[in-house]
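Structure, as structure tokens:
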Amino acid sequence: MLSRVAENIYWMARYIERAENTARLITVTTNLILDLPKSANVGWEPIIEIMGSEKLFHEHYTEIDERNILRFMIADQNNPGSIVSSLQMARENARTIRDIIPRETWERINDLFLAAKSNTQSGIARKNRHSYLQNIILGAQTITGQLAGTMYHDIGYDFLRMGRNLERADMTTRIIDVRSADLLEEEHEGLTPYENIQWMSVLKSLTGYQMYRRIIQVRVRRADVLKFLLQEKKFPRAFYHATCEVESCLNNLPRNTECKRQINALQKTVLSVNPEKLKQDDLHKFIDKLQLGLMTVHNIIADTYFLRQ
Amino acid sequence: MAIRWGSYKVKGIYDELIRAAGKPREAAKPLCDYLRALKDREIEEYKAAAELAIHVMGITFTVYTEEEGSIDRAWPFDIIPRIIPKSEWDQIERGLKQRVQALNLFIDDLYHDQKIIKDKVFPGELLKDSVNFRPQCVGVSPPDNIWAHICGSDLVRDDKGTVYVLEDNLRVPSGVSYMLENRMVMKRVFPDLFEDYSILPVDDYPSQLYDMLASLSPREIAQPEVVVLSPGIYNSAYFEHSYLAQQMGAELVEGRDLYVDEKDVVYMRTVEGLSRVDVIYRRIDDLFLDPEVFHPDSVLGVPGLLRAWKAGNVALANAPGAGVADDKVVYAFVPEIIKYYLDQDPMIPNVPTYKCINKDERDYVIENIDKLVVKPANESGGYGMLIGPQASNKERDKFKRLVKKDARNYIAQPMLTLSTAPTLVGNRVEPRHLDLRPFILSGKDATNVTMGGLTRVALRKGSTVVNSSQGGGSKDTWIVDMADH
């Protein structure tokens, strides 16, 4: 398989997953703000910090308010991480590999991009936001499902799965990070009753609540949720699961020694931590470490398999 | 009843299907009877079925890229086929093979001994000014001395019914994918007509193309690596590049996918590492092929590709420099070229062409400019052309001066009345002008001509411009064997 083609497949999958997870991230934040008392003083600012795009945001906006942040996260084509930008990039990548992906998938990607782009207002205003974001998530899931069900499962599919899972692992850490923002110290007096709700909303944003209840079977506790989202092998949006998927894809690829060494190191890192003992500050640092690990894995995959300029 | 052949106008023109008002040509009779029996509603249904088939097969993608304009524009398709009896086609096929054989000998001669110039059959000064002659290719001998492996020659028919070659495309001729797709659409829409007729198949083209390309491989191996080199998704013919690659099972590559090492061997970059390439069906113009030799700032090409080709480590189809023979002034010499190399008379005539480089002919052109079409040698797409009968006196005077000043660069031809074929306009049929582009494959072992080719039709009333960018569309072309009938 041509390096360029592998690279395009990989990025197409990443961008679709990114659009889906950005929608999930906005959903969890919206719910959180609705659930918590005004005194908790939860704002929208952390969401741009989590995405690492504060600088870019301030270049284009003066006010940090819900409307601006949502416009930036959903519709703004100056923001390469916005939902519309992600879907546009997914489509540009898909366009060059039309002979590799099923035609229906190409059409779905187009439809999803056009729908996301033409309805941004309903995503920005609160009233229809939920259904706008659900449509993004559902559209991305449909594409993932179509590819699983109809794409030829050769190494091209391995690059697709690697892109999707690295992006997913990255966004799972970012969604957890929303919770580790310092304004929600777990010792915060008066917020303890809400802790349960907060972590429940994280699980729900990752469609993990039901699965969590089945597997963990205790009340929703911070440490258990972290363990579930970081270290669970069988939950598809858990960090460890995603790294195992990447590892299994690498097993099908040639010249995989160095890539496998890096992914195994990252697996070891994520399993090494005891979530009970992770205070907020440590959690934030630990998440940074995981994100750095993901970047290392991406770089080594790019160096090994993609076109080098 | 929607279609009435009695009121279809054919006076003063040659129509491909209708001989005289209400009288179809013999080969078109079953088709015309079939169409006459259709009700308005059925015509609508067939049109809708064809559009659906085009959409489903992915020939058109316009709906998805409205905001990006020119990309993936749909090319209109007319559901009434153009029919040519096999007996007539056999003649044309022989004529095309003769022509391409002579052109290949001519190109090879120009890059070697230039005997035709020494023998004063072809004026050497024409070569000096040719924009498509590549001095970098002098002395190179491609496999079997074939330079133009894929040729698309445009055929037209005049009001008498005579078929002429209008031009030869020897660089990167396109359109063959539409020929293939048009047939697929027709089979889906009119399966019953295919039972009434014995229509010769066209769909072996991709395998013939693959066999021809594979035969050029410098390495004697069972499965040489054949790739299609495209400028990328923004090229207007990208659909065809991708389609042909898919149909041949070849990789579709861009310049940046390829790499030439210091031993002048071409590789493509794959996830397995570098992988050797034997044959490149290139759909990039000469001047963008290799920045080391041609345009230094070309990002579409591959540095070192010409080195690799000259070293014989990779085959390029068509060979760089093959375009020297599709200059409009060279065209005027094709009858002499055929005579010189093959000692034969051309089986398909050229459109009568006055070469302004010859004094007698130049004088005739200046005298009769109001009756002629004057064309510059190196422009394409109708640029810089004079249509004498429609031009003002001022324009005619301007061209008289141009022809005197730069005789080498001009040819003139009489105005042809192109043939027509019935074309659906709403639910009625009207005559529309058309041409035909067959494709000729020349390889080591065989020369193959497509069974028919791509019929392009000018959809605007009275227009003779068949280009897709200017209101042209296409039709399926049926070569029918009447002996089986």
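Structure notes:
- Annotation: extensible slack from residue A:244 through residue A:45 equals 68.4 nm (criterion: 0.36 nm per residue apart, minus Cα-Cα distance).
- Viscosity 0.692 mPa s, 37 °C: Kirkwood-radius Stokes-Einstein D of region A:1-104 over Cα pairs, µm²/s: 216 µm²/s
- With 20 Å² as the minimum drop in accessible area between chain alone and full protein complex (1.4 Å probe), the qualifying residues in region B:250-271 are B:251, B:252, B:254, B:256, B:257, B:269, B:270, B:271.
- Cα shape, chain A, gyration tensor, a/c 1.5 rule: oblate
- Cα shape, region B:219-313, gyration tensor, a/c 1.5 rule: oblate
- Cα-projected label distance for residue B:118 with residue B:275, points at 7 Å along beta-carbon direction, nm: 4.7 nm
- Relative frequency of Cα-Cα separations exceeding 14 Å in region B:395-458, percent: 75 percent
- Contact order relative to length of region B:219-313, as percent, for alpha carbon pairs under 8 angstrom and 6 or more apart: 29 percent
- Nitroxide proxy distance, nm - points 7 Å out along Cα→Cβ at residue A:152 and residue B:55: 2.8 nm
- Rule-of-thumb Rg ratio for chain B [Cα; 2.2 N^0.38 Å; N residues]: 1.00
- Accessible surface computed residue by residue for region B:219-313, with neighbouring protein chains in place and a 1.4 Å probe, gives 42 Å² per residue.
- Legend: distances between Cα atoms for A:55/A:204; B:9/B:328; B:9/B:47; B:405/B:461; A:234/A:279; B:405/B:475; pairs beyond 32 Å are B:9/B:328; B:405/B:461; B:405/B:475.
- Range in chain B, longest, excluding exposed chymotrypsin sites (Phe, Trp or Tyr not before Pro) [loop by DSSP; at most 12 other beta-carbon atoms within 10 Å]: B:1-233
- Förster radius 25 Å - calculated FRET efficiency between residue B:483 and residue B:194 (Cβ-Cβ, nearest 0.05): 0.90
- Mean shadow area of the protein assembly as shown, taken as a quarter of the surface of its Cα convex hull (nm²): 40.8 nm²
- Cleavage-rule hits (trypsin sites (Lys or Arg not before Pro)) in region A:238-286: DSSP loop, at most 12 neighbouring Cβ within 10 angstrom: A:255, A:279
- Cβ-defined net charge surrounding residue B:267, 10 Å radius [Lys, Arg +1; Asp, Glu -1]: -1
- Taking Lys and Arg as +1 and Asp and Glu as -1, the other residues whose beta-carbon sits under 13 Å from that of residue B:434 total -1.
- Scattering profile of region A:17-72 at q = 0.13 Å⁻¹ [log10 I(q)/I(0), Debye over alpha-carbon scatterers]: -0.33
- Were the residues from residue A:138 through residue A:265 laid out at 0.36 nm apart, the gain over their Cα-Cα distance would be 42.4 nm.
- Chain B, accessible surface, carbon-and-sulfur percent (1.4 angstrom probe): 49 percent
- Applying 1/(1 + (r/R0)^6) with r as the Cβ-Cβ distance of residue B:358 and residue B:465 and R0 = 41 angstrom yields a FRET efficiency of 0.90.
- Tensor-based shape of region B:312-441 (alpha-carbon gyration tensor, a/c under 1.5 rounded, otherwise prolate or oblate): oblate
- Taking Lys and Arg as +1 and Asp and Glu as -1, the other residues whose beta-carbon sits under 10 Å from that of residue B:78 total +3.
- Theoretical FRET efficiency, 1/(1+(r/R0)^6), r = Cβ-Cβ of residue B:221 and residue A:128, R0 56 Å, to 0.05: 0.35
- Modelled label reach - residue A:234, point 7 Å along Cα→Cβ, region A:266-297 residues with backbone N closer than 20 Å: A:271
- Summed buried accessible surface, chains A and B, 1.4 Å probe, nearest 100 Å²: 2200 Å²
- Secondary-structure-derived ellipticity at 222 nm for chain B, considering helices only, amounts to -9000 deg cm²/dmol, per-run term -39500 (n - 2.57) for DSSP H runs with n ≥ 4.
- Summarising the label geometry, the points placed 7 Å from Cα in the beta-carbon direction at residue A:64 and residue B:417 lie 8.0 nm from one another.
- For GluC sites (Glu not before Pro), the sites in region B:193-258 that DSSP calls loop and that have at most 10 other Cβ atoms within 10 Å are B:220.
- Residues of chain A were split at every exposed loop site, defined as GluC sites (Glu not before Pro) in a DSSP loop with at most 10 other C-beta atoms within 10 angstrom, and the longest piece left, sites excluded, is A:64-186.
- Partner aspartates and glutamates whose Cα lies under 15 Å from the Cα of residue A:260, excluding those fewer than 8 positions away in the same chain, are identified as A:158, A:245, A:247, A:303.
The values are calculated or read from the model by the stated rules, or taken from the named source; none is laboratory data. None of these values were measured; they are calculated from a predicted model. When we count neighbours, we look across all protein chains shown, and the Cβ atoms used for this are built from the backbone with ideal geometry, even at glycine. SASA here: full protein model, heavy atoms, side chains in, ligands and nucleic acids out. Shrake-Rupley method; radii C 1.70, N 1.55, O 1.52, S 1.80 Å.
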